[in-house]
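Asker: Handing you this structure, nothing more for now.
The values are calculated or read from the model by the stated rules, or taken from the named source; none is laboratory data. What you see is a predicted model; the values in this text were computed from it and never measured. Ideal geometry is used to build each Cβ from the backbone, glycine not excepted, and the neighbour counts take in all protein chains shown. Areas reflect the complete protein model, heavy atoms only, side chains present, ligands, DNA and RNA absent. Shrake-Rupley method; radii C 1.70, N 1.55, O 1.52, S 1.80 Å.
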Amino acid sequence: MQSTLIGKHVIVRTYSAGVHAGILAARDGKEVLLTNSRRFWSWEPATPESGSLSGIAVDGVGKGSKLGKAVPSIELTEAIEVIETTETSAASINAAKWSGK
């Protein structure tokens, strides 16, 4: 299947490399290339109703989330799901700061 998400901001859940968000540059089966990518270390939903990654893709991350610094690009293997984000979600992910120790 040709991905219709190329060029869009997405959340990618992988089998063993965790969760990442960025711009989907390429996809070949389970391999994806993200640009301007941030790794989710842990996350809190923006609203109580948006607890899963699907909800995060719609509403964004909340206070207390831990996301790493953006890297120019990352190749991920074993992508399990690729979820398009809303503009609201992408803005909250891009604005998130590492919180905690």
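Asker: Determine whether ALA26 is of a type outside the set (S, T, N, Q), modelled with pLDDT of 95 or more and part of a strand (DSSP E or B).
Answerer: Criteria met by ALA26.
Asker: Mind checking which residues of segment 79-101 are open to solvent by 80 Å² or more (accessible area, probe 1.4 Å) and within 17 Å of THR14 (Cβ to Cβ)?
Answerer: Scanning segment 79-101 gives ILE80, GLU84.
Asker: Collect the residues in segment 62-79 that are assigned to a strand (DSSP E or B), closer than 23 Å to SER3 by Cα and touching a Ser or Thr at 6+ places or on another chain (Cβ under 6 Å), keeping them in residue-number order.
Answerer: Across segment 62-79, the qualifying residues are VAL71, SER73, ILE74, LEU76, ALA79.
Asker: Give the number of residues within segment 44-61 that are in contact (Cβ under 8 Å) with a residue 24 or more places away in the chain and part of a loop (DSSP other than H, G, I, E, B).
Answerer: Looking only at that region, the number is 2.
Asker: So how many residues does segment 1-23 have that are of a type in the set (A, V, I, L, M, F, W, C), part of a strand (DSSP E or B) and either at positive phi or open to solvent by less than 50 Å² (accessible area, probe 1.4 Å) (or both)?
Answerer: Counting residues in segment 1-23 that are of a type in the set (A, V, I, L, M, F, W, C), part of a strand (DSSP E or B) and either at positive phi or open to solvent by less than 50 Å² (accessible area, probe 1.4 Å) (or both) gives 5.
Asker: Open to solvent by less than 80 Å² (accessible area, probe 1.4 Å) and not in a strand (DSSP E or B): does that describe SER37?
Answerer: Here the answer is no, as SER37 does not meet what is asked.
Asker: I'd like the residue in segment 47-67 that is in contact with a strand residue (DSSP E or B) (Cβ under 6 Å, 6 or more places away or on another chain) and more than 16 Å from ARG13 (Cβ to Cβ) and, out of all such residues, is least open to solvent (accessible area, probe 1.4 Å).
Answerer: By that ranking, first place goes to GLY62.
Asker: Confirm whether ALA21 is under 13 Å from GLU75 (Cα atoms) and at pLDDT 95 or above. So that I can check it myself, show each step before the final result.
Answerer: On the way: under 13 Å from GLU75 (Cα atoms): yes; at pLDDT 95 or above: yes.
Taking the combined requirement at face value, the residue satisfies it.
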